[in-house]
Amino acid sequence: MPICYIAAAMNVAVIDLGTNTFHLLLARVEGSTHEIFHRERKAVKIGEKGINKGEITSEAWDRAIAALTDFKATIDQHQINQIFATATSAMRNASNGTELVEEIKRLTGIEIEVISGAREAELIHFGASKALDFGSEKNLIMDIGGGSIEFIIADKDRAYWMQSFEVGGQRLVEKFHKTDPITSSEIEELFDYFGEELKPLLDACDEHKPTTLIGCSGTFDTLSDIYSEENNISRDLDATELPFGKDAFKDIYKGLIAKNREQRLSIPGMIEMRVDMIVVACILIDYIIDKLNLQEVRISAYALKEGILYHVLDQLQANTSN
């Protein structure tokens, strides 16, 4: 990610244009420290109805423009010195993705960097490593996006393997989730698909043998919200690890796959932007836990956007020390 010289103290905006959700993060950066003073997210769903065709539909296009226009208005209300905007799977794979990037720049002035899956995995690892102590045993970090899913095998010292797979939740919903509640035959089809598409992951895990799953972003955030509501846990908004566990996942998973959309939406902690994708995402999580015999599940509050912010912090510290 290109970073120019950064002043000693500044306000920065980080925008994460995901396939399902757009995020805006505003932070005050000074030296090697930062304070996040604004977080916002919008369910833009730019991959909806076009992700498996390699295009962004006109409806999704309009939602993206509206979201970035709103973000720019928020940015203009604060004294933001620099904007770091990245786009991921839906934008990088769409035949009209470049045109949308150009249109956003023309209308808002925001320049977007469309990053590769490999770079996305690096930034997710960087963000999660700032949130959690990975310990000496190897972990499998997993970030389920709408277009792609990133996996990283790492301990506290380093990452041993990472890869991005274009098998994200929106793709899976449109390919496999045809009935609601989902049927056992559709789950079997998903399992077969995972076995084929994720073979490099399964081979890497056979070699490195991670013991803990560390989840990041959307689906995992919502699972923690559901768990916290069920158990009357007050969430610390500044916590870098969210309350959860393997047993909690298994309990929530059993209930989720038996419910239709309306029933899922009534679950305390569920939000509408997750209600469609969460079923296939949880089927994948369950597949990964059982296939790899993972012993523990943790959730990082940090992922891609925090990885970008910490990258900016590192650049600032390097520039001020030279």
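Values quoted throughout were computed directly from the atomic coordinates according to the rules given, and no laboratory measurement underlies them. Source: prediction; values computed, not measured. Cβ: placed from backbone, ideal geometry, glycine included. Neighbour counts: every protein chain shown.
Whole percent per 5 Å bin, from 0 to the bin with the longest distance: what is P(r) over all C-alpha pairs of the stretch 140-199?
Here the calculated profile for the stretch 140-199 is 4, 16, 23, 23, 15, 9, 6, 3, 1.
Just how large is the dipole of the chain about the Cα centre, in debye to the nearest 20, putting +1 at every Lys and Arg Cβ and -1 at every Asp and Glu Cβ? Intermediate values should be presented prior to the final figure.
On the way: 33 positive and 52 negative charges, 68 e Å.
With Lys and Arg at +1 and Asp and Glu at -1, about 320 debye.
Cα atoms only, the stretch 132-260: Rg and Dmax in Å?
For the stretch 132-260, the Cα radius of gyration and maximum Cα-Cα distance read 15.8, 44 Å.
Quick one: which of 144-151, 169-176, 289-296 comes out on top by average Cβ neighbours within 10 Å, and what's the full order, highest first?
On the way: 144-151: 27.0, 169-176: 22.0, 289-296: 14.8.
Descending mean neighbour count gives 144-151, 169-176, 289-296.
How large is the charge dipole for the stretch 9-117, taken about the Cα centre, if only the Cβ atoms of Lys, Arg (+1) and Asp, Glu (-1) carry charge, to the nearest 20 debye?
220
So how much slack lies between N231 and Q315, counting 0.36 nm per residue of separation and subtracting their Cα-Cα distance, in nm?
Full extension of this stretch gives 26.1 nm more.
Looking at the stretch 209-322, I'd like the Rg to Rh ratio, where Rg is from alpha-carbon atoms and Rh is Kirkwood's inverse mean 1/r.
Taking Rg over the Kirkwood Rh, I get 1.07.
As I understand it, the value is the acute angle between the Cα axis of helix 117-131 and the longest principal axis of the Cα atoms of the chain; what does it come to in degrees, rounded to 10?
With both axes taken from Cα atoms, the answer is about 90 degrees.
If you wrap a convex hull around the C-alpha atoms of the stretch 14-70 and split its volume per residue, what is the figure in Å³?
Values: hull volume 4.8 nm³, N = 57.
Normalising the Cα hull of the stretch 14-70 by residue number yields 83 Å³.
If you project the alpha carbons of the stretch 9-117 onto the principal axes, what extent comes out on each, in Å, largest first?
44, 26, 21
Could you name the lysines whose alpha carbon sits less than 19 Å from that of K209, not counting residues in the same chain fewer than 8 places away?
K138, K156, K199, K246, K291
Roughly what angle does helix 218-230 make with the longest principal axis of the chain, taking Cα atoms, 0 to 90 degrees, to the nearest 10?
Approximately 70 degrees, to the nearest ten.
I'd like the distance separating the alpha-carbon centroids of the stretch 56-100 and the stretch 180-256, in whole Å.
Cα centroid of the stretch 56-100 versus Cα centroid of the stretch 180-256: 28 Å apart.
Would you mind getting me the FRET efficiency between H208 and E113? Use the beta-carbon distance for r and R0 = 41 Å, nearest 0.05. Working shown, then result.
Details: r = 30 Å, r/R0 = 0.74.
Efficiency for this residue pair is about 0.85.
One quarter of the convex hull surface, Cα atoms only: what value does that give for the chain in nm²?
Computing the convex hull of the Cα atoms and averaging its projections yields 16.0 nm².
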